[in-house]
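The values are calculated or read from the model by the stated rules, or taken from the named source; none is laboratory data. Just so you know, these numbers come straight off a predicted model, no measurement behind them. For neighbour counting, all protein chains shown are included, and Cβ atoms are generated from backbone atoms with ideal geometry for every residue, glycine included. When the accessible area is computed, the model is the full protein with side chains, heavy atoms only, and any ligands, DNA or RNA have been set aside. Shrake-Rupley method; radii C 1.70, N 1.55, O 1.52, S 1.80 Å.
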Amino acid sequence: MSMSKDIFDRIEQISQNIAAYEIVNAEQLEKFRIQFLGSKNELKGLFGEIKNVANDRKKEFGQAVNALKGKAEEKFNTTKASFSSGSTATKSARLDMSQPSRPAPIGTKHPITIVMNRIIRIFERIGFTVAEEREIEDDWHNFTAMNTPENHPARDMQDTFYLMNSTEQLLRTHTSSVQARVMTTQKPPIRIIAPGRVYRNETISARSHCQFHQVEGLFVDKKVSFADMKQTLLYFTREMYGADAKIRLRPSYFPFTEPSAEMDVYWGLEDEHAYRITKGTGWLEILGCGMVDPNVLSNCGIDPEEYSGFAFGMGIERQAMLQYRINDIRMLFENDVRFLKQFNSAF
Ligand code: PHE
(Lines give C-alpha, C1' and ligand atoms only; values in the text may rest on other atoms or scores of the structure.)
Protein backbone atom coordinates (compact mmCIF):
# COMPACT_ATOMS: atom_id res chain seq x y z
CA MET A 1 0.00 0.00 0.00
CA SER A 2 2.75 2.41 0.91
CA MET A 3 4.43 1.57 -2.39
CA SER A 4 1.32 2.89 -4.23
CA LYS A 5 1.46 6.04 -2.21
CA ASP A 6 5.07 6.67 -3.18
CA ILE A 7 4.23 6.31 -6.86
CA PHE A 8 1.30 8.70 -6.64
CA ASP A 9 3.61 11.17 -4.90
CA ARG A 10 6.06 10.83 -7.78
CA ILE A 11 3.30 11.48 -10.30
CA GLU A 12 2.36 14.59 -8.38
CA GLN A 13 6.00 15.68 -8.30
CA ILE A 14 6.44 15.18 -12.04
CA SER A 15 3.21 17.04 -12.70
CA GLN A 16 4.58 20.00 -10.76
CA ASN A 17 7.89 19.75 -12.60
CA ILE A 18 6.10 19.92 -15.94
CA ALA A 19 4.13 22.97 -14.86
CA ALA A 20 7.20 24.77 -13.55
CA TYR A 21 9.52 23.83 -16.43
CA GLU A 22 10.89 27.02 -17.94
CA ILE A 23 10.97 27.04 -21.73
CA VAL A 24 12.14 30.28 -23.32
CA ASN A 25 14.02 29.00 -26.33
CA ALA A 26 14.09 26.15 -28.82
CA GLU A 27 16.90 24.43 -27.02
CA GLN A 28 14.94 24.23 -23.77
CA LEU A 29 11.88 23.09 -25.68
CA GLU A 30 13.85 20.20 -27.10
CA LYS A 31 15.17 19.25 -23.66
CA PHE A 32 11.65 19.28 -22.36
CA ARG A 33 10.50 17.05 -25.22
CA ILE A 34 13.26 14.52 -24.56
CA GLN A 35 12.57 14.45 -20.84
CA PHE A 36 8.80 14.05 -20.96
CA LEU A 37 7.89 12.88 -24.44
CA GLY A 38 11.00 11.31 -25.97
CA SER A 39 11.61 7.62 -26.53
CA LYS A 40 13.20 7.23 -23.08
CA ASN A 41 11.01 9.70 -21.25
CA GLU A 42 10.34 9.75 -17.52
CA LEU A 43 6.71 8.75 -17.86
CA LYS A 44 7.52 5.45 -19.51
CA GLY A 45 9.27 4.36 -16.33
CA LEU A 46 6.08 5.02 -14.44
CA PHE A 47 3.98 2.76 -16.65
CA GLY A 48 6.40 -0.06 -15.90
CA GLU A 49 5.68 0.26 -12.25
CA ILE A 50 2.01 -0.57 -12.57
CA LYS A 51 2.79 -4.02 -11.19
CA ASN A 52 3.66 -2.44 -7.86
CA VAL A 53 0.35 -0.64 -7.59
CA ALA A 54 -2.42 -2.17 -5.56
CA ASN A 55 -5.08 -3.73 -7.78
CA ASP A 56 -7.84 -1.38 -6.69
CA ARG A 57 -5.77 1.64 -7.66
CA LYS A 58 -4.42 0.40 -10.98
CA LYS A 59 -7.13 2.19 -12.94
CA GLU A 60 -6.59 5.43 -11.08
CA PHE A 61 -2.85 5.04 -11.62
CA GLY A 62 -3.24 4.55 -15.37
CA GLN A 63 -5.44 7.62 -15.67
CA ALA A 64 -2.99 9.74 -13.65
CA VAL A 65 -0.05 8.76 -15.83
CA ASN A 66 -2.08 9.40 -18.98
CA ALA A 67 -3.08 12.80 -17.64
CA LEU A 68 0.57 13.52 -17.02
CA LYS A 69 1.41 12.62 -20.57
CA GLY A 70 -1.42 14.84 -21.82
CA LYS A 71 -0.17 17.71 -19.71
CA ALA A 72 3.36 17.38 -21.11
CA GLU A 73 2.03 17.20 -24.68
CA GLU A 74 -0.11 20.24 -24.22
CA LYS A 75 2.69 22.31 -22.75
CA PHE A 76 4.97 21.22 -25.56
CA ASN A 77 2.45 22.02 -28.31
CA THR A 78 1.37 25.41 -27.01
CA THR A 79 4.95 26.53 -26.37
CA LYS A 80 6.04 25.35 -29.79
CA ALA A 81 3.13 27.16 -31.44
CA SER A 82 3.94 30.36 -29.58
CA PHE A 83 7.53 30.13 -30.83
CA SER A 84 6.61 29.89 -34.48
CA SER A 85 3.71 32.34 -34.57
CA GLY A 86 4.48 34.46 -31.57
CA SER A 87 3.77 38.18 -31.72
CA THR A 88 6.71 40.48 -32.22
CA ALA A 89 6.50 41.45 -28.59
CA THR A 90 7.05 37.92 -27.33
CA LYS A 91 9.65 37.29 -30.03
CA SER A 92 11.75 40.24 -29.04
CA ALA A 93 11.31 39.31 -25.39
CA ARG A 94 12.99 36.02 -26.24
CA LEU A 95 15.84 37.71 -28.12
CA ASP A 96 18.91 37.16 -25.99
CA MET A 97 21.15 40.16 -26.51
CA SER A 98 23.91 38.64 -24.42
CA GLN A 99 24.48 35.76 -26.83
CA PRO A 100 27.73 36.00 -28.78
CA SER A 101 27.09 36.82 -32.42
CA ARG A 102 28.01 34.48 -35.20
CA PRO A 103 31.51 35.39 -36.40
CA ALA A 104 31.48 37.23 -39.73
CA PRO A 105 33.74 35.59 -42.29
CA ILE A 106 36.93 37.60 -42.73
CA GLY A 107 37.81 38.55 -46.29
CA THR A 108 41.26 38.46 -47.82
CA LYS A 109 43.19 41.22 -49.53
CA HIS A 110 43.74 41.15 -53.24
CA PRO A 111 47.30 40.11 -54.13
CA ILE A 112 47.77 43.43 -55.95
CA THR A 113 46.80 45.30 -52.77
CA ILE A 114 49.16 43.18 -50.68
CA VAL A 115 52.15 43.85 -52.95
CA MET A 116 51.27 47.52 -53.38
CA ASN A 117 50.96 48.03 -49.61
CA ARG A 118 54.31 46.33 -49.02
CA ILE A 119 55.99 48.68 -51.51
CA ILE A 120 54.32 51.72 -49.95
CA ARG A 121 55.40 50.70 -46.41
CA ILE A 122 59.01 50.30 -47.57
CA PHE A 123 59.16 53.81 -49.04
CA GLU A 124 57.23 55.37 -46.16
CA ARG A 125 60.00 54.25 -43.83
CA ILE A 126 62.44 56.54 -45.66
CA GLY A 127 60.19 59.59 -45.74
CA PHE A 128 58.06 59.16 -48.86
CA THR A 129 54.38 60.00 -48.57
CA VAL A 130 51.55 58.63 -50.67
CA ALA A 131 50.09 60.82 -53.42
CA GLU A 132 46.92 59.62 -55.11
CA GLU A 133 45.57 61.16 -58.25
CA ARG A 134 42.91 60.84 -60.93
CA GLU A 135 42.78 57.98 -63.41
CA ILE A 136 41.04 60.15 -66.01
CA GLU A 137 43.79 62.55 -66.99
CA ASP A 138 44.31 65.26 -69.53
CA ASP A 139 46.83 65.12 -72.30
CA TRP A 140 49.03 67.73 -70.65
CA HIS A 141 49.69 65.90 -67.37
CA ASN A 142 50.01 62.48 -68.97
CA PHE A 143 52.16 63.48 -71.98
CA THR A 144 53.06 67.11 -72.63
CA ALA A 145 54.33 68.00 -69.17
CA MET A 146 56.20 64.70 -69.15
CA ASN A 147 58.21 65.80 -72.16
CA THR A 148 56.54 63.24 -74.39
CA PRO A 149 56.74 64.56 -77.93
CA GLU A 150 53.72 64.94 -80.17
CA ASN A 151 54.77 62.03 -82.35
CA HIS A 152 55.54 59.63 -79.50
CA PRO A 153 53.94 56.21 -80.10
CA ALA A 154 52.39 56.19 -76.62
CA ARG A 155 50.10 59.00 -77.76
CA ASP A 156 48.77 56.86 -80.54
CA MET A 157 45.12 55.83 -80.41
CA GLN A 158 46.42 52.30 -80.53
CA ASP A 159 48.02 52.60 -77.10
CA THR A 160 45.96 55.18 -75.27
CA PHE A 161 42.30 55.09 -74.36
CA TYR A 162 40.87 58.52 -75.10
CA LEU A 163 37.47 59.45 -73.74
CA MET A 164 34.74 59.52 -76.34
CA ASN A 165 34.98 62.44 -78.77
CA SER A 166 38.04 63.77 -77.01
CA THR A 167 41.69 64.14 -77.85
CA GLU A 168 42.26 65.81 -74.51
CA GLN A 169 40.78 63.50 -71.91
CA LEU A 170 42.24 60.04 -71.53
CA LEU A 171 42.77 57.17 -69.13
CA ARG A 172 46.27 57.67 -67.78
CA THR A 173 48.81 55.40 -69.40
CA HIS A 174 51.24 55.58 -66.47
CA THR A 175 51.41 56.94 -62.94
CA SER A 176 54.02 59.44 -64.16
CA SER A 177 51.09 61.84 -64.64
CA VAL A 178 51.06 62.12 -60.84
CA GLN A 179 54.58 63.59 -61.05
CA ALA A 180 53.16 66.51 -63.04
CA ARG A 181 50.19 66.86 -60.67
CA VAL A 182 52.46 67.01 -57.63
CA MET A 183 55.20 69.23 -59.08
CA THR A 184 52.71 71.85 -60.26
CA THR A 185 51.10 72.07 -56.82
CA GLN A 186 53.92 71.45 -54.33
CA LYS A 187 57.26 73.02 -53.74
CA PRO A 188 60.44 70.97 -53.27
CA PRO A 189 61.55 69.10 -51.30
CA ILE A 190 59.16 66.54 -52.78
CA ARG A 191 59.22 62.89 -51.79
CA ILE A 192 56.15 61.02 -52.99
CA ILE A 193 55.09 57.54 -53.87
CA ALA A 194 52.04 57.23 -56.15
CA PRO A 195 50.25 53.90 -56.41
CA GLY A 196 47.40 53.40 -58.82
CA ARG A 197 45.73 51.91 -61.82
CA VAL A 198 46.79 52.67 -65.38
CA TYR A 199 45.34 51.76 -68.77
CA ARG A 200 46.73 50.85 -72.15
CA ASN A 201 44.97 49.64 -75.24
CA GLU A 202 46.60 46.22 -75.29
CA THR A 203 45.21 42.92 -76.40
CA ILE A 204 44.37 40.93 -73.29
CA SER A 205 46.42 37.77 -72.93
CA ALA A 206 48.06 35.70 -70.19
CA ARG A 207 50.95 38.20 -70.14
CA SER A 208 49.35 41.61 -70.68
CA HIS A 209 46.14 43.38 -69.83
CA CYS A 210 44.52 46.68 -70.77
CA GLN A 211 44.52 47.72 -67.12
CA PHE A 212 47.26 47.23 -64.58
CA HIS A 213 48.87 48.91 -61.58
CA GLN A 214 52.01 50.94 -61.08
CA VAL A 215 53.79 52.60 -58.21
CA GLU A 216 55.56 55.82 -59.11
CA GLY A 217 58.26 57.45 -57.03
CA LEU A 218 59.49 61.03 -57.21
CA PHE A 219 62.21 62.78 -55.24
CA VAL A 220 62.99 66.45 -55.96
CA ASP A 221 65.34 68.55 -53.89
CA LYS A 222 68.61 70.44 -54.12
CA LYS A 223 71.58 68.37 -55.26
CA VAL A 224 69.76 65.08 -55.76
CA SER A 225 72.07 62.74 -57.63
CA PHE A 226 71.95 59.50 -59.59
CA ALA A 227 73.79 57.88 -56.65
CA ASP A 228 70.90 58.88 -54.36
CA MET A 229 68.53 57.14 -56.73
CA LYS A 230 70.62 54.01 -56.91
CA GLN A 231 70.93 53.79 -53.14
CA THR A 232 67.20 54.33 -52.67
CA LEU A 233 66.38 51.60 -55.18
CA LEU A 234 68.90 49.22 -53.62
CA TYR A 235 67.33 49.82 -50.22
CA PHE A 236 63.91 49.11 -51.71
CA THR A 237 65.06 45.90 -53.39
CA ARG A 238 66.69 44.57 -50.25
CA GLU A 239 63.58 45.26 -48.18
CA MET A 240 61.37 43.67 -50.81
CA TYR A 241 63.47 40.72 -51.97
CA GLY A 242 65.89 40.05 -49.13
CA ALA A 243 69.07 41.49 -47.65
CA ASP A 244 71.32 39.80 -50.19
CA ALA A 245 69.31 40.88 -53.26
CA LYS A 246 71.39 42.26 -56.13
CA ILE A 247 70.39 44.92 -58.66
CA ARG A 248 71.77 46.23 -61.91
CA LEU A 249 70.90 49.36 -63.85
CA ARG A 250 70.82 49.18 -67.63
CA PRO A 251 70.82 52.36 -69.72
CA SER A 252 67.41 53.00 -71.25
CA TYR A 253 65.21 55.75 -72.60
CA PHE A 254 62.16 57.57 -71.24
CA PRO A 255 61.12 61.01 -72.51
CA PHE A 256 60.77 62.36 -68.95
CA THR A 257 64.09 61.22 -67.49
CA GLU A 258 67.67 61.88 -68.52
CA PRO A 259 69.68 59.79 -68.08
CA SER A 260 67.27 56.88 -67.89
CA ALA A 261 67.71 53.31 -66.77
CA GLU A 262 65.91 50.06 -66.25
CA MET A 263 66.55 48.18 -63.04
CA ASP A 264 66.90 44.42 -62.89
CA VAL A 265 66.86 42.25 -59.78
CA TYR A 266 68.93 39.10 -59.67
CA TRP A 267 66.53 36.17 -59.48
CA GLY A 268 69.02 33.40 -60.13
CA LEU A 269 68.85 30.37 -62.38
CA GLU A 270 68.16 27.77 -59.77
CA ASP A 271 65.23 26.02 -61.37
CA GLU A 272 63.37 25.83 -64.61
CA HIS A 273 60.88 28.48 -63.50
CA ALA A 274 63.71 30.94 -62.78
CA TYR A 275 65.29 30.09 -66.09
CA ARG A 276 62.06 30.75 -67.95
CA ILE A 277 61.05 34.02 -66.28
CA THR A 278 64.55 35.50 -66.63
CA LYS A 279 64.90 34.21 -70.19
CA GLY A 280 68.05 32.43 -69.16
CA THR A 281 69.85 35.54 -67.85
CA GLY A 282 69.02 35.22 -64.14
CA TRP A 283 68.00 38.94 -64.16
CA LEU A 284 64.46 40.27 -63.98
CA GLU A 285 63.40 43.75 -65.00
CA ILE A 286 61.46 45.40 -62.18
CA LEU A 287 61.27 49.12 -62.91
CA GLY A 288 62.12 52.12 -65.06
CA CYS A 289 63.90 55.10 -63.55
CA GLY A 290 66.10 58.10 -64.17
CA MET A 291 66.93 61.68 -63.30
CA VAL A 292 63.93 63.95 -63.86
CA ASP A 293 64.48 65.67 -67.21
CA PRO A 294 65.13 69.43 -66.72
CA ASN A 295 62.35 70.07 -69.25
CA VAL A 296 59.87 68.30 -66.99
CA LEU A 297 60.94 70.38 -64.00
CA SER A 298 60.52 73.64 -65.89
CA ASN A 299 57.23 72.50 -67.49
CA CYS A 300 55.94 72.15 -63.93
CA GLY A 301 57.34 75.43 -62.66
CA ILE A 302 60.39 74.12 -60.80
CA ASP A 303 63.75 75.74 -61.57
CA PRO A 304 66.09 73.03 -62.96
CA GLU A 305 69.09 75.21 -62.10
CA GLU A 306 68.22 75.03 -58.43
CA TYR A 307 66.65 71.59 -58.14
CA SER A 308 67.19 68.13 -59.45
CA GLY A 309 65.39 64.88 -58.84
CA PHE A 310 64.93 61.26 -59.66
CA ALA A 311 61.84 59.29 -60.55
CA PHE A 312 60.97 55.66 -60.98
CA GLY A 313 57.94 53.62 -61.93
CA MET A 314 57.26 49.96 -61.42
CA GLY A 315 54.54 47.56 -62.44
CA ILE A 316 52.76 45.69 -59.66
CA GLU A 317 51.19 42.77 -61.53
CA ARG A 318 54.53 41.34 -62.59
CA GLN A 319 55.88 41.46 -59.05
CA ALA A 320 52.70 39.90 -57.66
CA MET A 321 52.85 37.19 -60.31
CA LEU A 322 56.48 36.46 -59.47
CA GLN A 323 55.91 36.33 -55.74
CA TYR A 324 52.82 34.16 -55.89
CA ARG A 325 53.76 32.22 -59.02
CA ILE A 326 50.63 33.29 -60.84
CA ASN A 327 51.07 32.51 -64.50
CA ASP A 328 48.09 34.28 -66.03
CA ILE A 329 47.61 38.02 -65.44
CA ARG A 330 43.88 37.70 -66.14
CA MET A 331 43.40 35.87 -62.84
CA LEU A 332 44.18 39.16 -61.11
CA PHE A 333 41.15 40.82 -62.68
CA GLU A 334 38.52 38.10 -62.68
CA ASN A 335 37.67 38.31 -58.98
CA ASP A 336 37.17 34.58 -58.70
CA VAL A 337 36.66 33.99 -54.99
CA ARG A 338 38.32 30.55 -55.18
CA PHE A 339 41.48 32.32 -56.32
CA LEU A 340 41.23 35.35 -54.04
CA LYS A 341 40.56 33.55 -50.79
CA GLN A 342 43.99 31.94 -50.92
CA PHE A 343 45.63 35.25 -50.07
CA ASN A 344 46.00 35.98 -46.40
CA SER A 345 48.17 38.84 -45.34
CA ALA A 346 48.69 41.30 -42.58
CA PHE A 347 49.72 43.93 -45.12
N1 PHE B 1 56.30 55.70 -66.71
C2 PHE B 1 57.25 54.69 -67.10
C3 PHE B 1 56.48 53.50 -67.65
O4 PHE B 1 55.27 53.47 -67.54
C5 PHE B 1 58.10 54.24 -65.93
C6 PHE B 1 59.00 55.32 -65.43
C7 PHE B 1 58.59 56.14 -64.40
C8 PHE B 1 60.27 55.50 -65.96
C9 PHE B 1 59.45 57.15 -63.90
C10 PHE B 1 61.12 56.48 -65.47
C11 PHE B 1 60.70 57.28 -64.46
O12 PHE B 1 57.03 52.59 -68.23
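Working from Cα positions, state the angle (0 to 90°, nearest 10) between the long axis of helix 58-85 and the longest principal axis of the chain.
Around 20 degrees separate the two axes.
Keeping every protein chain present and rolling a 1.4 Å probe, give me the accessible area per residue for the chain in Å². Each step should come with its number before you reach the end.
Details: 19830 Å² over 347 residues.
The answer is 57 Å² per residue.
Tell me what the chain gives for mean residue ellipticity at 222 nm when only DSSP H runs of n ≥ 4 count, each as -39,500 (n - 2.57), the sum divided by the residue total, rounded to 500 deg cm²/dmol.
Value at 222 nm, helices only, nearest 500: -12000 deg cm²/dmol.
Helix 111-124: angle to the longest alpha-carbon principal axis of the chain, degrees 0 to 90, nearest 10?
Computed tilt is about 60 degrees.
Relative to the present Cα-Cα distance, how much length would full extension add between residue 63 and residue 279 at 0.36 nm per residue of separation?
68.5 nm
Nearest 20 debye, what's the magnitude of the dipole of the chain about its Cα centre given +1 on Lys and Arg Cβ and -1 on Asp and Glu Cβ?
That gives a dipole near 2120 debye.
Over 28 Å between Cα atoms, which of 59/80; 246/279; 40/71; 109/230; 223/279 qualify?
The answer is 59/80; 109/230; 223/279.
What translational diffusion coefficient, to the nearest whole µm²/s, does the chain have by Stokes-Einstein, given a Kirkwood radius computed over alpha-carbon pairs, a temperature of 4 °C and 1.567 mPa s viscosity?
My calculation gives 49 µm²/s for D.
Starting from 0.36 nm per residue, how many nanometres of slack lie between residue 27 and residue 187 once their C-alpha separation is accounted for?
50.7 nm
Out of 100, 123, 145, whose Cα points farthest toward the positive end of the dipole of the stretch 60-174 (charges: +1 Lys, Arg; -1 Asp, Glu; placed on Cβ)?
Result: 100.
Given a 1.4 Å probe and every protein chain left where it sits, what share in percent of the accessible area of the chain is carbon and sulfur?
51 percent
Putting +1 on Lys and Arg Cβ atoms and -1 on Asp and Glu Cβ atoms, find which of 309, 263, 196 reaches farthest to the positive end of the dipole of the chain.
196
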